[in-house]
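Engineer: To start, I am sharing the structure in question, which I have written as structure tokens.
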Amino acid sequence: MDRIKQELDSLAPATPLSGSMDRRDFIKTTLGTGFAAAVLPVCAQTQVKTDASGLKAGTVMVRVNGQDVPVYRAQPEGKANLPVVLVISEIFGVHEHIADVARRFAREGYLALAPDLYVRQGDPAAYPAITDLMREVVNKVPDQQVMTDLDAVVAWAGANGGDTRRLGITGFCWGGRITWLYSAHNPAVKAGVAWYGRLVGDKNANQPRHPVDIAGELKAPVLGLYGGKDAGIPLASVEQMKAALAEAGSKSAFVVYPDSGHAFHADYRPSYVEADAKDGWKRCLAWFRQHGVA
């Protein structure tokens with residue numbers, strides 16, 4: 001765990017690209033806006049901003065066992081019967097970048113839904129240190145709670161203009177791990193795309209299994225997009241997952257970008273690698289098309 005925390009702490013160092021705005025200027029309370037304190041300052045020069053014109057975008061509430069779960073929703077305005085993609089956040093929650101990714105999917109014709117899966121445990125924006133965020137919020141989120149929340153979000157999509165027969169899921173870092181797990185949990189999922197999600201790890205009550213443990217239970221093929229220089233997810237664990245998938249006869253696949261580290265898709269952080277992020281995005285869309293999501 002110490003190794004993982006050290007790697008997470010390295011995700012947002014100050015660089016020449018970092019902006020000079022006050023941290024408080026970025027922290028907001030509305031879902032899909034601002035950034036968590038732990039990743040500031042933001043690299044404004046590389047941050048991608050997708051216009052919401054022509055889209056229906058904003059927060060909706062999904063009721064799950066008496067709890068309102070906020071969900072950032074983006075979809076083409078005036079369209080129905082849309083393919084559905086779940087967008088699962090990093091440890092930093094549903095902030096401006098995750099909302100932007102949802103809008104990118106909406107511009108491709110999807111109903112994109114990014115749920116706040118930490119709503120019961122706390123607000124990631126409130127924690128200036130990644131180690132505190134991990135200890136006080138992220139590590140307290142049970143996998144089973146996440147699966148139940150996502151099931152409810154899928155049900156909401158089906159009742160609100162989404163075609164859940166064309167269901168995909170994608171996620172980043174923490175959300176990449178969840179992408180693997182949910183693709184084993186829900187037989188309705190047609191395809192998943194996991195961006196640098198942890199594959200192996202210690203087990204506990206909240207995280208009783210990891211992707212390598214459920215390789216044989218996958219209901220849908222998952223495309224794993226990983227960085228060859230990711231110190232937190234060594235290539236040995238990718239090879240371990242590949243072996244488990246091969247043994248299970250899964251149609252899942254990996255693309256490893258040799259010159260990228262962790263979070264190479266996060267355009268608002270110094271870890272961003274533009275060429276690999278753009279290639280991964282194209283592969284993500286193609287994977288969904290290939291497997292009947294689009």
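Engineer: Could you look at the chain and say what percent of its accessible area is carbon and sulfur, using a 1.4 Å probe and all protein chains?
Structural biologist: Here carbon and sulfur together make up 50 percent of the probe-accessible area.
Engineer: How much of the DSSP bridge set in the chain is antiparallel, in percent, rounded to the nearest 5?
Structural biologist: 35 percent
Engineer: Please identify, among Trp180, Trp156, Trp195, the residue showing maximal mean-square fluctuation in a Gaussian network model of the chain using a 10 angstrom Cα cutoff.
Structural biologist: Trp156
Engineer: For the chain, report the accessible area per residue in Å² (1.4 Å probe, heavy atoms, rounded to an integer).
Structural biologist: 40 Å²
Engineer: OK, next. Which FRET efficiency value, to the nearest 0.05, is calculated for Asn139 and Thr46 with the Förster distance at 25 angstrom and r the Cβ-Cβ distance?
Structural biologist: 0.25
Engineer: Then there is this: Net charge around Pro211, counting only other residues with Cβ within less than 9 Å of its Cβ (Lys, Arg = +1; Asp, Glu = -1)?
Structural biologist: Residues near Pro211 contribute +2 overall.
Engineer: Over the range 26-155, what is the percentage of antiparallel beta bridges among all DSSP beta bridges, to the nearest 5?
Structural biologist: 80 percent
Engineer: Okay, next question. Can you compute the modelled spin-label distance between Thr59 and Ala243, with each label point 7 Å from Cα toward Cβ, in nm?
Structural biologist: Output for this residue pair reads 4.6 nm.
Engineer: Could the peptides 235-241, 182-188, 61-67, 222-228 be put in order, highest first, of the mean number of other beta-carbon atoms found within 10 Å of their residues?
Structural biologist: So the peptides 235-241, 182-188, 61-67, 222-228, ranked by packing, come out 222-228, 182-188, 235-241, 61-67.
Engineer: Taking the mean number of other Cβ atoms within 10 Å as a proxy for protection, how do you rank 164-172, 270-278 from highest to lowest?
Structural biologist: So the peptides 164-172, 270-278, ranked by packing, come out 164-172, 270-278.
Engineer: Then there's this: Report the extension gain between Ala205 and Asp279 in nm, rounded to one decimal, defined as 0.36 nm multiplied by the number of residues separating them, less their alpha carbon distance.
Structural biologist: Gain on stretching Ala205 to Asp279: 23.0 nm.
Engineer: Lys49: which lysines have alpha carbons under 16 Å from its alpha carbon, excluding same-chain residues fewer than 8 sequence positions away?
Structural biologist: Candidates past the 8-residue exclusion: Lys278.
Engineer: Under the definition of Cα pairs under 8 Å and six or more residues apart, what whole-number percent is the relative contact order of the chain?
Structural biologist: Relative contact order here is 18 percent.
The values are calculated or read from the model by the stated rules, or taken from the named source; none is laboratory data. This one's a predicted model, so the numbers in the text were calculated from it and none came from an experiment. So basically every Cβ, Gly included, is an ideal-geometry build from the backbone, and we count neighbours across all protein chains shown. Ligands, DNA and RNA are stripped out before the accessible areas are found, and what is left, the full protein with its side chains, is counted by its heavy atoms. Shrake-Rupley method; radii C 1.70, N 1.55, O 1.52, S 1.80 Å.
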